[in-house]
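*Asks:* First, the structure itself, so that you have it in front of you.
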Amino acid sequence: MFILFLVVSLISSINATSIVSRSQSYPLSQPAAHGPTTQLTISNKVISPDGFHRSAIVVNGESPGHLITGQKGDMFNIEVVNQLSEKSMLLLTGVHWHGIDQYKTNYYDGASGITQCPITPNHSFTYSFSAQNQAGTFWYHSHHSVQYCDGLRGPLIIYDPEDPSAHMYDVDDASTVITLTDWYHPVAHKLLHTIPAANSTLINGLGRYAGGPQSDLAVINVTRGKRYRFRLIQMSCEANIKFSIDGHNLTIIEADGELTEPLVVDQLQILAGQRYSVVLEANQSVDNYWIRGIPNINQTYNGSAILRYHGAPKAEPTTLDTPSTKPLKETDLRALNSSGYGNPDYNIALEVSFKNITNKFHFYVNETEFKAPENPVLSQILEGTDPSQLHPKGSVHVLEANKVVELTMIMIDAPGGPHPMHLHGHPFDVVQSAGNSTFNYVNPVRRDVVGVGCENGAGAECKDNEKQVVIRWVTDNSGPWSLHWYDINSIKLSRTVLTLNNSHIDFHIDEGFAVVMAESPKDTRAHVSPVPKEWGRLCPIYEEYKRTHPDEI
């Protein structure tokens, strides 16, 4: 009965004809761009992005937070002010700048429990970093437990005045940034150790849920004859999403901040944490067209937004969803400039398994469940701890500097898939993609999030040689970096540790799905010098807060 109701609701909302659109164009549905110097005030507020009212964690009053922009080579100075007060959600925070390498500034990576202690209520911390030679599509989000699932996330774009792909598009601005998120009506902490099902999928912060009102949808405005660089940012906590725009092809030119050879598709599966730049040519008749974000979770209402040509009526589209004939396959992506890594110096295998213990889900990497150490890994390294004694025991792998690492991740019996894995501090070459038995050492796609396990999970439908993913990178960025299924609890870290949380799904970081790679620990102190005094104050303030507010940790 519920499934029938869901189908009826979906048809009535998506295929309705001549419905006057209660919708907002992008500049109205999200704040204007800020940066590269700005302030993010993190607080609680009741919002209703899909028509359901619930308290959330917002950035300057909004979720997603405002767009932060800069030019290639800019210095970013972003003050994060913690004004959280609602105890039903987490009160500590820390912000990760997803995709930014943080070369020599590991202490600004924002991973609570890995590269810093969390920011306590009524305190602030300024992240000051240069993206060096980086340009592309990035995002920011809480990296403290499951907090970003309650709303602390937003887009970050670095523009390149000499973009080699610029000849392919005419428009690339705030109006062409598209965010995709899953949304939960319960607060995120209640979903820990479960297999959560989102209530809705939001596009640019707006959506609808099954049985809910015909709430506002986002509108992307285009003019016929122009070419648009849409920057797609998948900010979900769990769902992967199939993105398409009715009647239009999309040409991929970027994956996770790395340029690709142009690839034409009509649908992209985008995993949590991934980003793509796609070029859309507005070459169809003047009308309204559905923008679709179809999640992999059946209980979740499909995401919808509107592509509106200049001159089209302000009405919801009547276009139909047709089967994809050119879906994205990751193995078809090619880096615009190949890295040319040599033979690996390290061959590391990580086997991911899953256990249900007293009706709570726990993930293990090489039979070890990640447990956050008392003292952040970066702090341990800066204090001179012997690399072999770094905590958490069994989850720290020490690597020497300037070595080629080939990392194989294998799903043994973990449910679901593909599980997105994100590496902090480095992009990597994907030399074997999930669900594929072939290797590409010549011109593989470079990115910082990759899926592990087959599309429908890591079970019998996957061949053994298709359950694994193989990536490569060079250890040229001393410090702790995370490759994970987001987020690990508070730790204070240095540039010597590479944190590896299995997959970019926030719920599972609290469930043990992580490892730490200590990248050239003996070089970290020199690599990150000088360490900011403000960073050093975070842990003493946090320790005092734990002492005086033990029930709020």
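*Asks:* How many of the residues in region 436-454 are of a type in the set (G, A, S), crowded, with 24+ Cβ neighbours inside 10 Å and in a loop (DSSP other than H, G, I, E, B)? So that I can check it myself, show each step before the final result.
*Replies:* Start the filter on region 436-454 by keeping residues that are of a type in the set (G, A, S), which leaves 437, 451, 453.
With the extra rule that they be crowded, with 24+ Cβ neighbours inside 10 Å, the set shrinks to 451, 453.
Adding the requirement that they be in a loop (DSSP other than H, G, I, E, B) leaves 453.
Selection size over region 436-454: 1.
*Asks:* On to the next question. Restrict the check to region 138-156 and report whether at least one residue is farther than 23 Å from I42 by Cβ and in contact with a strand residue (DSSP E or B) (Cβ under 8 Å, 6 or more places away or on another chain).
*Replies:* Taking region 138-156 and keeping what is farther than 23 Å from I42 by Cβ, we get none.
Looking through region 138-156, none of the residues is farther than 23 Å from I42 by Cβ and in contact with a strand residue (DSSP E or B) (Cβ under 8 Å, 6 or more places away or on another chain).
*Asks:* Can you find a residue that is under 21 Å from the mean Cα position of the chain (by Cα), on the phi > 0 side of the Ramachandran plot and open to solvent by less than 10 Å² (accessible area, probe 1.4 Å) anywhere in region 189-200?
*Replies:* Checked against the condition, which is being under 21 Å from the mean Cα position of the chain (by Cα), on the phi > 0 side of the Ramachandran plot and open to solvent by less than 10 Å² (accessible area, probe 1.4 Å), region 189-200 yields no hits at all.
*Asks:* Follow-up question, since we're still on this one. Taking the residues in region 207-237 that are crowded, with 24+ Cβ neighbours inside 10 Å and in contact with an Asp or Glu (Cβ under 6 Å, 6 or more places away or on another chain) as candidates, determine which candidate is modelled with the lowest pLDDT.
*Replies:* Looking at the filtered set, the residue picked out is C237.
*Asks:* Right, another one. Just for region 403-418: of the residues that are open to solvent by less than 10 Å² (accessible area, probe 1.4 Å) and part of a strand (DSSP E or B), which one is modelled with the lowest pLDDT?
*Replies:* The residue in question is M411.
*Asks:* Is it the case that G425 is under 30 Å from I270 (Cα atoms), at pLDDT 90 or above, open to solvent by less than 40 Å² (accessible area, probe 1.4 Å) and out of contact with any Pro (no Cβ under 7 Å at 6 or more places or on another chain)?
*Replies:* When the stated conditions are applied, G425 passes them.
*Asks:* The conditions are (1) open to solvent by 30 Å² or more (accessible area, probe 1.4 Å); (2) at positive phi, and G110 fails exactly one of them. Which is it?
*Replies:* Result: G110 fails condition (1) only.
*Asks:* Within the set of pairs 6 or more residues apart or between chains, which connect a residue that is open to solvent by 80 Å² or more (accessible area, probe 1.4 Å) inside region 531-553 to a residue that is among the polar types (S, T, N, Q) with Cβ atoms less than 8 Å apart?
*Replies:* From residues that are open to solvent by 80 Å² or more (accessible area, probe 1.4 Å), the pairs are E534/T126.
*Asks:* Still on this structure, please answer the following. Which of the numbered conditions does A526 fail, given that it passes all the others? Conditions: (1) at pLDDT 95 or above; (2) more than 22 Å from N343 (Cα to Cα); (3) in a strand (DSSP E or B).
*Replies:* (3)
*Asks:* Being within 21 Å of the chain's Cα centre (by Cα), assigned to a helix (DSSP H, G or I) and of a type outside the set (S, T, N, Q) is the filter here; which residues of region 318-348 pass it?
*Replies:* E330
*Asks:* May I pose another question? For region 41-99, how many residues meet the condition of being under 21 Å from the mean Cα position of the chain (by Cα), of a type in the set (S, T, Y) and in a loop (DSSP other than H, G, I, E, B)?
*Replies:* Selection size over region 41-99: 1.
*Asks:* Is it fair to say F125 is open to solvent by less than 10 Å² (accessible area, probe 1.4 Å), under 25 Å from H484 (Cα atoms) and under 21 Å from the mean Cα position of the chain (by Cα)?
*Replies:* Taking the combined requirement at face value, the residue does not satisfy it.
*Asks:* Something else about it: Can you name the condition, by its number, that L263 falls short on among (1) assigned to a loop (DSSP other than H, G, I, E, B); (2) at pLDDT 90 or above; (3) surrounded by 15 or more Cβ atoms within 10 Å (Cβ to Cβ)?
*Replies:* Failed condition: (1).
*Asks:* In addition: Mind listing just one residue for me: the one in region 320-336 that is more than 19 Å from V450 (Cβ to Cβ) and surrounded by 12 or more Cβ atoms within 10 Å (Cβ to Cβ) and, of those, modelled with the lowest pLDDT?
*Replies:* Among them, the one singled out is D321.
*Asks:* Taking Q147 as the residue in question, decide whether it is under 18 Å from H484 (Cβ atoms) and touching a Leu at 6+ places or on another chain (Cβ under 9 Å).
*Replies:* yes
The values are calculated or read from the model by the stated rules, or taken from the named source; none is laboratory data. From a predicted model like this one, the values you see are computed outputs, not experimental measurements. Using ideal geometry, Cβ is built from the backbone for each residue, glycine included, and neighbour counts are taken over all protein chains shown. Areas reflect the complete protein model, heavy atoms only, side chains present, ligands, DNA and RNA absent. Shrake-Rupley method; radii C 1.70, N 1.55, O 1.52, S 1.80 Å.
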